[in-house]
1. Looking only at region 1-13, how many residues end up being crowded, with 21+ Cβ neighbours inside 10 Å and not in a strand (DSSP E or B)?
2. What is the residue count in region 22-48 for residues that are closer than 14 Å to ARG105 by Cβ and without any contact (Cβ under 8 Å) to a residue 40 or more places away in the chain?
3. Can you tell me which condition VAL17 does not meet? The list is (1) touching a helix residue (DSSP H, G or I) at 6+ places or on another chain (Cβ under 9 Å); (2) in a strand (DSSP E or B), and all the others hold.
4. Looking only at region 117-155, filter to residues that are of a type in the set (S, T, N, Q) and in contact (Cβ under 8 Å) with a residue 24 or more places away in the chain; which one of those is surrounded by the fewest Cβ atoms within 10 Å (Cβ to Cβ)?
5. Can you tell me how many residues within region 87-99 are buried (at least 17 other Cβ atoms within 10 Å of the Cβ) and not in a helix (DSSP H, G or I)?
6. How many residues, within region 114-149, are over 15 Å from the mean Cα position of the chain (by Cα), farther than 15 Å from ASN4 by Cβ and either basic (Lys, Arg) or assigned to a helix (DSSP H, G or I) (or both)?
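Bear in mind that the values in this text are calculations on the coordinates, not laboratory data. As the structure is a computational prediction, the values presented were derived from the model and not from experiment. When we count neighbours, we look across all protein chains shown, and the Cβ atoms used for this are built from the backbone with ideal geometry, even at glycine.
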Amino acid sequence: MARNIEIKARIDSVDRVASIALTLADQGPIEIAQDDTFFRCNDSADRLKLRTFAPDRAELIFYRRANSTGPKESFYLITPCSTPDVLRESLTLAWGQAGRVRKQRRLFIVGRTRVHLDRVEGLGEFLELEVVLEEGESAEAGTAEAHALMSQLGISIDQLVQGAYVDLING
């Protein structure tokens, strides 16, 4: 399974952080509308979501990460899907929905890190960093990179939040 180091932080303004990210980015900004349907999982560290981009384009994403603040290691598997409505119905019948999150995402790529600036319906504005790890690379290397980028973007430790957006919505 692929791995990354992730952080999530509440921010005061997507536009303010985007202006900084633009000076650091190798790519972006890319605007992406996302509709995530989460399904029930047996383990509290596991998540299964169907991320829909269009009626014929989605990804089924399984991931496992600790429910804690600060940089954390995440293991994930992504499967493309061309029939999201049918898959959503099947998974809902089999597992039940845990919630739904709709957001507008602005994506920047800084080196090997995906910088997500999200406007989340009903929650507000957030930053997510995903430092993609190489096979066999230590989590500590990605954590150090996440901390350095947080500092460059003006994100402090007290802004960090734990869990997924669905957890904050269901709160």
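1. Total satisfying the criteria: 0.
2. 0
3. (2)
4. Filtering region 117-155 for residues that are of a type in the set (S, T, N, Q) and in contact (Cβ under 8 Å) with a residue 24 or more places away in the chain, the one surrounded by the fewest Cβ atoms within 10 Å (Cβ to Cβ) comes out as GLN152.
5. Counting residues in region 87-99 that are buried (at least 17 other Cβ atoms within 10 Å of the Cβ) and not in a helix (DSSP H, G or I) gives 2.
6. 1
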